[in-house]
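The structure under discussion appears below in the form of structure tokens.
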Amino acid sequence: MAIRTRMSGNEALAEAIRQINPDVMPAFPITPSTEIPQFVSTMVANGEVDTEFIPVESEHSSMSAAIGASAAGARTLTATSSAGLAYMWEVVYVAASSRLPIVMAVVNRGLTGPLNINAEHSDSMGARDSGWIQIYAENNQEAYDNMLQAYRIAEHEQVHLPVMICQDGFITSHAVENISLLEDEPVKKFVGEYEPQHYLLKEEEAMAVGPYAVSNYCMEAKKAQAEAMIRSKQVILDVAKDYEQLSGRSYGFYEGYRLEDADYAVVAIGSVCGTTKDAIDRLREKGVKAGLLKVRVFRPFPGEEFAEALRGCKAVAIMDRAESYSGQGGPLGAELMAAMYRAKVQAEAVNIMYGLSGRDVRVEDIEKVYADLQDMAENGKTFAQYPYLGLRE
């Protein structure tokens, strides 16, 4: 039976962690993810979980400890944001290349500078090529649901890759929303017990984790890691199907909102999708065929699936909450436009920067995006590639 309650996004993640009861959680506090280890450490002190909580001296140490615990055969978790993720950069790559199924809650916050503590995707997008699976949430419910699916994906024998479960800092992490929780026993059964096949403390097997790889072997290891990322696509879908049977909530690579017959589509990640849905409903009442493709899975990048979903559109706005400083736009824009080109999708496309450092995005702002798309498709309007939404000129 579903449990109806109200929680912030950080509380929802902590509740999922309590139900999963991982073996080890090393963590170092950083805004806005600090509450997650705070909640979990309180649960440990109260005897609600038997997780080994390790307070460390830095985020680099946090991921290093997570690597050690996971390599030893423990189900391992950590959490971070922004500069914390940047500080563990070196060992983030080690975790993925060592094929360790660590799960990390990333509460998205802009990287310095200027110094800012608000929502932006520059932290996780900066780590997009590190070899971690990345799954994003629009709201608190999705943050909870994504966390419950994470270990089934990471620990699958065809995958063995770490997973980032991402949500927007403060917008979802600290905002309280209605949420539907699952009961403990069904969650425990769904997640299952972790039974690693290979681990450092296995007496009858000698192995090394993260050894130096000479040129004769390193390229093959990278290819194997890349193939695991490709295989994870089907595993993500299979786990989502099982989760739907448990919870009644459906997940995939993306959510299409009024997208099937849309002439004009926005593609976006995270909390802005709720604002976009409100704008779509307003525009539909006026006869404008607006739609949304909400990206849930960014790594592996389901480019073929995204492009096919947009094939019927006349114009598409790809929204990025992270600046790549390439002079061409953001990471989502670059990868999706390439996928649309390969799939020969004929829709006009523009990449738009929005919400950097927590800049507010209103329903009216998104309505203006759709108006520009309609003007571009119907009247051939051109505008600078790539504009900043809501920029004070």
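Just so it is clear, none of the values below were taken in a lab; they were calculated from the coordinates. As the structure is a computational prediction, the values presented were derived from the model and not from experiment. Virtual Cβ from ideal backbone geometry, glycine too; neighbours counted across all protein chains shown.
Numbers at a glance
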{"quantity": "Pair-distance profile P(r), taking every C-alpha pair of the range 57-133, with 10 angstrom steps and integer %", "calculated": "21, 54, 22, 4, 0"}
{"quantity": "The range 272-336 versus the range 121-141: alpha-carbon centroid distance in Å", "calculated": "16 Å"}
{"quantity": "Loop-located chymotrypsin sites (Phe, Trp or Tyr not before Pro) in the range 204-304 whose Cβ has at most 15 other Cβ within 10 Å (DSSP)", "calculated": "212"}
{"quantity": "Viscosity 0.692 mPa s, 37 °C: Kirkwood-radius Stokes-Einstein D of the range 254-379 over Cα pairs, µm²/s", "calculated": "230 µm²/s"}
{"quantity": "Unit Cα scatterers, Debye sum, the range 45-90: log10 I(q)/I(0) for q = 0.16, 0.21, 0.27 Å⁻¹", "calculated": "-0.47, -0.75, -1.02"}
{"quantity": "Debye equation applied to the C-alpha atoms of the range 124-201, log10 I(q)/I(0) at 0.13, 0.15, 0.19 Å⁻¹", "calculated": "-0.51, -0.66, -0.94"}
{"quantity": "Ranking of 106, 361 by count of other Cβ atoms within 10 Å, fewest first", "calculated": "361, 106"}
{"quantity": "With eigenvalues of the C-alpha gyration tensor scaled by 5 and rooted, the range 160-282, Å", "calculated": "37, 22, 15"}
{"quantity": "Kirkwood-Stokes translational diffusion coefficient of the chain, alpha-carbon pairs, 10 °C, 1.306 mPa s, µm²/s", "calculated": "74 µm²/s"}
{"quantity": "By average C-beta atoms within 10 angstrom, highest first, the peptides 271-278, 112-119, 290-297, 154-161", "calculated": "290-297, 271-278, 154-161, 112-119"}
{"quantity": "Of 253, 103, 267, farthest towards positive along the dipole that unit charges on Lys, Arg, Asp, Glu beta carbons give the chain", "calculated": "267"}
{"quantity": "Gyration tensor verdict on the range 25-173 (Cα atoms; rounded if a/c is under 1.5, prolate if a/b is larger than b/c, oblate otherwise)", "calculated": "rounded"}
{"quantity": "Peptides 224-231, 310-317 ordered by average Cβ neighbours within 10 Å, highest first", "calculated": "310-317, 224-231"}
{"quantity": "Stokes-Einstein D (µm²/s) once Rh is taken as the Kirkwood radius of the range 1-82 over alpha-carbon pairs, at 37 °C in 0.692 mPa s", "calculated": "253 µm²/s"}
{"quantity": "Cβ-derived FRET efficiency at R0 45 Å, residue 368 paired with residue 46, nearest 0.05", "calculated": "0.35"}
{"quantity": "Cα shape, the range 96-244, gyration tensor, a/c 1.5 rule", "calculated": "oblate"}
{"quantity": "Cross-link partners of residue 314 among lysines (Cα-Cα below 29 Å; sequence separation of 8 or more within a chain)", "calculated": "233, 277, 286, 289, 294, 344, 368, 381"}
{"quantity": "Whole-Å distance, taken between Cα centres, linking the range 178-247 and the range 27-55", "calculated": "23 Å"}
